[in-house]
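For reference, the structure discussed in these notes is given below.
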Amino acid sequence: MDSHDIISKAVERTSFKEVAAQMGVSLSLAYKWSQPDEQQGSGTANPLDRVRQLYEITKDPQIVHWLCQKANGFFVQNTSGGGPRGMELMPATQEIVQQFAALLAAISKAAADDRITSEEATHIRGVWDELKRFTEGFVRLCEKGDFTHLAEEIKSHQPRK
């Protein structure tokens, strides 16, 4: 789905008039954001395209993390493909189980004294994020039926201590 389609669907929940008023822009500009092909329109990219462009220029994932956090969510980056051929499925599933065990161990260790410090919470978040990242990559490769690229994922995995 293109950015203008996302904006059109999102505005269905309210109105272009409300969006324009809340954002301090003209009603015509808000309508233009929902139109395809920014090069042929007003010359002003819609807000989604501008955020994407900012990310592409800076390559700073904090932009995406911040936006996800504001939506009460969390960003999990997809894994990259490629790597050696011939990896079997079982080592990848074992890696997920090991990462889950590492998460449970981090939680148990942190909670042993009936409190969790900010450092312990940061560590738990890191272990959790790594489990989500690896598992998302695993699921994506499974959806493609591509078990040959799991080797690079396992090989590149650096567990957090």
Could you please find all residues in the range 1-18 being of a type outside the set (Asp, Glu) and under 16 Å from residue 51 (Cβ atoms)?
-> 1, 3, 4, 6, 7, 10
Test: residue in the range 79-91 that is at pLDDT 90 or above and buried (at least 16 other Cβ atoms within 10 Å of the Cβ) = no
Does residue 122 fit the bill of being at pLDDT below 90 and either surrounded by 14 or more Cβ atoms within 10 Å (Cβ to Cβ) or within 20 Å of the chain's Cα centre (by Cα) (or both)?
-> no
Does the range 98-116 contain any residue that is under 25 Å from residue 65 (Cβ atoms), under 18 Å from the mean Cα position of the chain (by Cα) and either modelled with pLDDT under 85 or not hydroxyl-bearing (Ser, Thr, Tyr) (or both)?
-> no
Answer yes or no as to whether residue 39 is outside any loop (DSSP other than H, G, I, E, B) and at pLDDT 95 or above.
-> no
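The values are calculated or read from the model by the stated rules, or taken from the named source; none is laboratory data. Note that the structure is a prediction, hence the values are computed from the model and not measured. Here the Cβ is made from the backbone with ideal geometry for all residues, glycine too, and neighbour counts use every protein chain on show.
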